[in-house]
1. Between 0 and 90 degrees, rounded to the nearest ten: what's the tilt of helix 552-574 against the longest Cα principal axis of the chain?
2. Express the relative contact order of the stretch 2-321 as a whole percentage, based on alpha carbon pairs under 8 Å and six or more residues apart in sequence.
3. Within the chain, what is the longest stretch that has no GluC sites (Glu not before Pro) placed in a DSSP loop and near at most 13 other beta-carbon atoms within 10 Å?
4. Expressed as an acute angle from 0 to 90° and rounded to the nearest 10, what is the orientation of the C-alpha long axis of helix 511-530 relative to the principal long axis of the chain?
5. Go through 520-531, 87-98 and give me the packing order, highest mean Cβ count within 10 Å leading.
6. For the chain, what does the helix formula give at 222 nm: sum of -39500 (n - 2.57) over DSSP H segments with n ≥ 4, over the residue count, nearest 500 deg cm²/dmol?
7. Give me ASP615, ASP373 sorted ascending by neighbouring Cβ count inside 10 Å, so fewest comes first.
8. I need the trypsin sites (Lys or Arg not before Pro) found in the stretch 533-576, filtered to DSSP loop residues with at most 14 other beta carbons within 10 Å of theirs.
Amino acid sequence: MRFLLLCVSLPFICVLSLQIDSDLSLWQQGQILINQELDQSYEQIDWAYSRLPRLVMALLVGACMGLIGSVIQQLTRNPLLSPATLGSSSGAWLGLIILAVVWPEGQSQYQVFAAMLGACIALALVLMICGVRNLTGLSVVLSGMAVNLLFGAIAIALILMNDQYAKNLFIWGAGDLSQNGWEKVHWLWPHCLLGLAILGFAGKPLDLLKMGQSAASGRGLNVAALFLVLMLVGLWMLSAAITMVGIVGFLGLVAPNLARLIGARAAGKELYISTLLGAILLVVADSLALYLNTITFEVVPTGLTTAFLGAPLLIWLIQKRLSQQDKITYLTHYSKASFTSTKLLVSGLVLLVIVLLALLTHMDNGLNFRWPDEFAWPIRWPRIVASLAAGAGMAVSGVIMQRLIHNPLASPDLLGVSAGAVLALVATSGFLGWRIGELGPLVAFSGSFLILLILLVLGSRFRFAPAPMILTGVALSAFIETLVQGVLMKGTEEVYDILRWLAGSTYRVKPDQAWVLMLGVSVLILISLSLHRWLTLMSMGREVAAARGVNVKRAFILLLILSVSLCSLVTSILGPIAFVSIVAPHLASLLGARQVSTQILLSALLGAGFLQLADWLGQMVIYPNQLAAGTMAAIIGGVFFMLLLLRNRSVS
């Protein structure tokens, strides 16, 4: 009955969608469809060659995304997986960017193959990290998120270095269904025919798979072949859809979960209902985008409205499906050796060597070393000071958040706090017309604190258990990233300023900004050290802290404000810096830093050295071009984070 209601509602929704921003009556629209005759008026031509193919494209792409999401979730038996959380969407987008940069002449013929290759590489990385038999836990989502951040950093670097070839690719990041004819529809629908094969033949094998891999194999099912074939078919459809309209998030994750909520139990039925729901959701989201276009007189990408509808649904599903005692955990492995002052001294000496490399290295006539002259000195020292301060600040921010929330994976970039600062700065810059570098830390702090409040409200139900907190942060980050992509799709010169800032570059840091950052981070780290007793007791549990006389509520709020302030201060000047707040605390733990004060000090040194090394490598590896410090840190940190997950898999 519910399936029948969905089938009936789809044409009704389509008819309503066609009425948005159209002066044609239903009768006139019907005449165009039946007779296919136009009187050459603008309204009729626009409706027949723009609005109608856009609707068909929404139906095709939405159906593909819903079907792909259902296939992935049934194959892995993980309701939190989709092309986006597996990293395949970002892999496909990176493949398109590489093709545009390396071989722009081949875009017309080979885009889908480039997208397919990128999606397959992303999936292969995720499977390598977590294993084919370990796709039901949080590790696969974390692996996909790491791949997303890694590929995103590479994509930003390629766009900045080759903007003349990649300008048209901004729209792919935002997801736009605008059409000016039927060519794209005619290209896409044959690629979607593979979905009919899945709908017709995959139901029974997937039903067998629900019994478990051993039971399914005992019934004669080749599980490996089924996984390989269905995944490849799904990735091909995904690549074709992304090639035509760009990244449209959340559909592949939300549609299958909604299908199960309305009663789809059998595998085949879930495939059908998820496909139908994907089409309905995208038509609704695209209708909302069209309506916003008419009242704002700006191009609102469909990917933005899809995220606007999908993110709350995803967060609701996370809250509904995960409990406080979730079984999705991550192990923090401390070194068996105790921490000594020698390790702190060695870390300081390594940091000094990295600073000297950054200060003395020159590449004008090959690699050589000399003291910077009067022209190089005013450029170099602000970069070095900013890198050291930003790395230390992000590292200490990660230590505080991990200790406070009792979550070894908590960090400003994983929980969406950094994304909140990015959104506040980008939105303020867009609305007020100010350059993004001129906005102060208070703007970034407001965005970070807003996201943090949302996380605390949503996470308090589970007492800040790892899985719900991380997944909610991922959902919020994905939503914010879509909003930022909607700003970037304009492709103006101001957008490139924002993009350079998003890359986390130290190149444009002014001397006064460097000193403000160093002074602010130093003061906040000193405050963190002075509050080490609070943080120690809070990390042992709220009951223990209260028994020792700590005002738990006040301590919790003040320490969170301290962590967010460090993140916001760094983000407002350098831009988002990914992974430092995870890499440095984990390295400190591996070196044996168990006490709060020693972990803060060692993490600050390691974070400063890590970001300074990333900045120096970014200047050296592709000289005379440069990679931003944030981009290089994301690449190195993303690889390190994936190795941490791989190590966790082998140990556990």
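1. The helix 552-574 is inclined about 80 degrees to the chain.
2. Values: 452 pairs, mean separation 93.9, N = 320.
Across the stretch 2-321, relative contact order equals 29 percent.
3. Numbers: sites that count: GLU37, GLU298, GLU374.
It works out to 375-652.
4. So the inclination is approximately 80 degrees.
5. Values: 520-531: 17.1, 87-98: 27.6.
Taking the mean over residues of other Cβ atoms within 10 Å, the ranking is 87-98, 520-531.
6. Numbers: 29 runs with 478 residues, N = 652.
So the calculated ellipticity at 222 nm is -24500 deg cm²/dmol.
7. Values: ASP615 31, ASP373 8.
Fewest to most other Cβ atoms nearby, the residues stand as ASP373, ASP615.
8. ARG548
Values in this text are rule-based calculations from the coordinates and carry no lab data. What you see is a predicted model, and the numbers here were worked out from it, not measured in a lab. So basically every Cβ, Gly included, is an ideal-geometry build from the backbone, and we count neighbours across all protein chains shown.
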